[in-house]
Amino acid sequence: VEQQLDSEDYDTHYNLGIAYKEMGLIDEAIGEFQLASKDPKRMIECCSMLGLCFLEKGMPQLAIKWYRKGLESPEISDDEHLGLLYDLGSAYLEVGDTGNAQKAFMEIYGVNSNYRDIVDRIKQVEDVQS
């Protein structure tokens with residue numbers, strides 16, 4: 001399939017990444033999302049998907065890198081910002097970086113105290129720290 005795709009066809013690469021991820025072909029999914037991330041319209045979604053893929057592979061440091069890259073995008077919406085920040089906090093928690101996890105979760109709480117299970121996540125960080 002890949003030989004038939006123009007590297008500029010970002011939507012197809014993104015959709016192929018989703019399909020590969022659903023089939024458990026994480027390495028192939030990562031490759032497709034990395035290609036698709038070159039499209040500014042897909043970049044945030046790809047950063048999120050790459051984060052999920054790297055977490056699934058047991059590589060939380062790379063997930064953190066992609067979540068941060070997405071958060072730095074000038075194109076990011078408020079909802080996307082909160083979603084990536086939540087995922088970033090969760091990834092920090094996974095690597096034992098409770099300080100940065102708490103910062104991410106508190107930033108979300110400051111914007112929307114009812115976001116997902118943010119109150120529980122903050123309590124989880126505080127329990128780990130004590």
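The values are calculated or read from the model by the stated rules, or taken from the named source; none is laboratory data. This structure is a prediction, so every number in the text was calculated from the model and none was measured. Positions of Cβ are backbone-derived with ideal geometry, glycine not excepted, and every protein chain shown enters the neighbour counts. With ligands, DNA and RNA removed, areas are computed over all heavy atoms of the protein, side chains included. Shrake-Rupley method; radii C 1.70, N 1.55, O 1.52, S 1.80 Å.
Provide a single number: the residues in the range 66-97 that are part of a helix (DSSP H, G or I) and surrounded by fewer than 17 Cβ atoms within 10 Å (Cβ to Cβ).
The number of residues fulfilling the criteria is 4.
For the range 104-119, a residue qualifies if it is in contact with a helix residue (DSSP H, G or I) (Cβ under 8 Å, 6 or more places away or on another chain) and not aromatic (F, W, Y), and the qualifying residues are A104, M106, E107, I108, V111, N112, S113, R116, I118, V119. Screening the range 14-30 for residues that are touching an Asp or Glu at 6+ places or on another chain (Cβ under 6 Å) and more than 16 Å from M59 (Cβ to Cβ) and picking the one that is least open to solvent (accessible area, probe 1.4 Å) gives G17.
Using beta carbons and a limit of 7 Å, which pairs, at least six apart or on different chains, have the first residue in the range 81-103 and farther than 16 Å from V119 by Cβ and the second one of a type in the set (S, T, N, Q)? Taking only residues 6 or more apart or on different chains, the pairs are G83/S48; L84/S48; D87/S48; Y92/N100; V95/Q61; T98/Q129. The set of residues from the range 31-54 being open to solvent by 10 Å² or more (accessible area, probe 1.4 Å), in a helix (DSSP H, G or I) and over 15 Å from L85 (Cα atoms) comprises G31, Q34, L35, M43, F54.
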